Amino acid sequence: MNAQRWPQLGCGVGLRTEHYDSIIQQWPAMDWFEAISENFMDSWGRPRHILEQVRQRYPVALHGVSLSIGSVDPLDERYLKHLKALVEQIEPIIVSDHLCWSGVDGKNLHDLLPLPFTEEAIRHVVSRIQQVQEFLGCRILLENVSTYVTYAHSTLPEWEFLATVAQRSGCGILLDINNVYVNAFNHQFDPYEYLRGIPSERVGQFHLAGHTPMDGYLFDTHSRPVIDAVWDLYREALRKWGAISTLIEWDEDVPPFPQLAEEAQKARAISNQICGGAQTSSTARHPSSAARL
Amino acid sequence: MDAPEPSLRDVQRWIGAHIQPETTVSTAGDVRLNPQRNIPGISRLSVYAHGYQARLRQALAEVYESVHQVLGTGAFSELVDSYARRFPSRDYNLNFSGRHLPEFLVNSLWVQRLPFLADLAQLEWQVCQAFHAISYPPITPASLHGQSFEDWHRVRFIFQPSVSLVRSAWPILDIWEVRHRPRSEVNIDLVERPHNVVVSRSELQVRCQLVNLPQAILLEALLAGQTLDETCERLSGDCGENLPPIYEWFFQWTQQGWIVRWEQTHVDSS
Ligand SMILES: [Fe+2]
């Protein structure tokens, strides 16, 4: 079971532009929201205003896509300063990003690109995570990304790479269950073996999302409901680690808010069934901010 | 003998060169990818190359709605692709990856066909900037009253970061305002209709409004950090005997919350 070193927020959804109006008009019941850091860290207009209001009523996690923790370029100081300012203002419950790289030689490829699973990459990433955590003054979670290629010179399976990075750096794991499923199909491994390889005390959050079958591979589109096989994997994760903060991601063809909330409710019901205890949606919870170092 | 394993830097440069082939030269040796089911791993890199292209097109279409509408989706995609080759993104924030598009358009073939396009892009970029800009408490109209005429002419006015001016020989505001209508319903007379547009933000709403030429000249100079003294000479040259109602304008600007403060300039006593 999870050692409860990470706050258990229940089941939430991503804060998306399409839902701003319905959220601030209705303040719907929802356990928590996850906001994409980059959509708010450089904005002092409406997006920031909405986030501030949401934060007054719900727990919020800040989820970044541009940390580029695995890049060989130096860490982007401007990015980190802006992120830190946002963290200090919003006081998120969780700060997270991805175990990947996004650019090299100063050019940004705006993607979550795969790292080779090697000792060199582990050493590189671990030292950078420590710098980031030191700078931000809090532990971060890193997410496993969906990938479409793997490197012939990798020496470890993905789950061992992820687990080693987390254990050596002290960061937590945001385990995207859909990404495990997508990669298991694309690279032909057993997703349950992946789960078995992840140390329980490191898992701080789950992501659930839909994907799209393409010609010969699965594409992580976040444009559909979660499929049954991914719900099964989620059940297994809950049996293994207990209730863990769970988030439904939906970024393309975004449905009306009630449909998204239904998907979160489905996750909540599964979690209650397996882990016991009724998680309740709330509009007035004030847990403490991100875990301090 | 086996080739040495590629370093992390080699891997990233090699992948970068496959995603942005026109702007990145791979100095790395061969990086081997595992086959993906029945196809070579390298073929699967197209997922990332297409993703990069699609993401930039989408991000720029969100900022440059009107340019997108004028060109249509096919031509807009071509524009973004050629822009990305000339200005590969160096910004961590995808939302701002289109910051150089107006500059790119000025010297491009696109403006030969659509001469207003660079100005229209500039207007849309300023709208985007205003939408995200920080807002400071403005000065009030009443606070202007205590200033003597001489003081007024020597101070530098500091405007809200959201306030900017776009001057164009074309009716760019008219074109921008119909950006959500179907292209076929748009019929705008382009000839000899220059627009000077002030972009600002009131509360959370971005506003675009037309100003006349003398007001545009004055605002342009003040936004560039000049004092009224420095500007008036140019203004009287442009406006002849008819002195523009500067104080009335200032009153309107402060009413709209555009001015944040003023700074005394140092008088050279030597
Ligand atoms: Fe995810």
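The values are calculated or read from the model by the stated rules, or taken from the named source; none is laboratory data. This is a predicted model, so every value here is computed, not measured. A quick note on method: Cβ atoms are made from the backbone with ideal geometry, for glycine too, and the neighbour counts reach across all protein chains shown. These area figures cover heavy atoms from the full protein model, side chains too; ligands, DNA and RNA do not enter into them. Shrake-Rupley method; radii C 1.70, N 1.55, O 1.52, S 1.80 Å.
Tabulated values for the structure
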quantity	calculated
Computed helical MRE - 222 nm, chain A, DSSP H runs ≥ 4 contributing -39500 (n - 2.57), nearest 500	-12500 deg cm²/dmol
Over region A:74-141: Rg over Rh, Cα atoms, Kirkwood Rh	0.97
Gyration tensor (alpha-carbon) shape descriptor, chain B, a/c threshold 1.5	prolate
Calculated SAXS-style log₁₀ I(q)/I(0) at q = 0.06, 0.11 Å⁻¹ - the protein assembly as shown, Debye, Cα scatterers	-0.37, -1.07
Sequence-separation-based contact order of region B:1-105, relative, with Cα cut under 8 Å and 6+ spacing, percent	21
Amide H contacts of A:Cys138 (H built 1.01 Å from N, under 5 Å, at least 5 apart or other chain)	A:Leu293
Extension gain, A:Phe135 back to A:Glu119 (0.36 nm per residue minus Cα-Cα distance, nm)	3.3 nm
B:Phe251, A:Phe189, ranked by accessible area, largest first (probe 1.4 Å)	B:Phe251, A:Phe189
Using θ = phi - 60° and Karplus 6.51 cos²θ - 1.76 cosθ + 1.60, couplings along region A:250-264 (whole Hz; Gly, Pro as x)	8, 10, 10, 6, 5, x, x, 3, x, 5, 5, 4, 4, 5, 5
Averaged over B:86-97, number of beta-carbon atoms from partner chains that fall within 10 Å	6
Calculated log₁₀ intensity ratio I(q)/I(0) where the Debye formula runs over C-alpha points of region A:16-123, q = 0.13, 0.19, 0.20 Å⁻¹	-0.55, -0.97, -1.04
Two-site FRET efficiency, B:Glu65 against A:Trp231, from Cβ-Cβ distance with R₀ of 35 Å, rounded to 0.05	0.35
Rounded percent of accessible protein surface that carbon and sulfur make up, region B:1-105, 1.4 Å probe	50
Span-like helix ranges in chain B, DSSP H, alpha carbon extent 24 angstrom or more, Kyte mean at least 0.5	none
Virtual spin-label span in nm between B:Ile39 and A:Gln89, 7 Å along Cα→Cβ	4.3
Cβ neighbours within 10 Å from other chains - mean over A:257-270	0
Normalised contact order of chain B, rounded percent, pairs of Cα under 8 Å and 6 or more residues apart	17
5 angstrom amide H check on B:Asp91, placed H, neighbours 5+ away	A:Asn108
Accessible-area ranking of A:Ile129, B:Ile188, largest first, probe 1.4 Å	B:Ile188, A:Ile129
With eigenvalues of the C-alpha gyration tensor scaled by 5 and rooted, region B:1-105, Å	32, 15, 10
Solvent-accessible heavy-atom area per residue, rounded to whole Å², over the protein assembly as shown at 1.4 Å	44
Fraction of the pair-distance distribution of region B:46-118 above 22 Å, Cα-Cα pairs, percent	15
Shape category assigned to chain A from the gyration tensor of Cα positions, a/c cut at 1.5	rounded
Additional length obtainable on full extension of the chain from B:Glu78 to B:Glu248, 0.36 nm per residue less Cα span	56.6 nm
Theoretical gain in end-to-end length, B:Gln255 to B:Arg32 [0.36 nm per residue, Cα-Cα removed]	73.8 nm
Distant alpha-carbon pairs in region B:115-270 (separation over 28 angstrom), percent	27
DSSP-assigned coil residues among GluC sites (Glu not before Pro) in region B:170-216, each with at most 15 further Cβ atoms within 10 Å	B:Glu192, B:Glu203
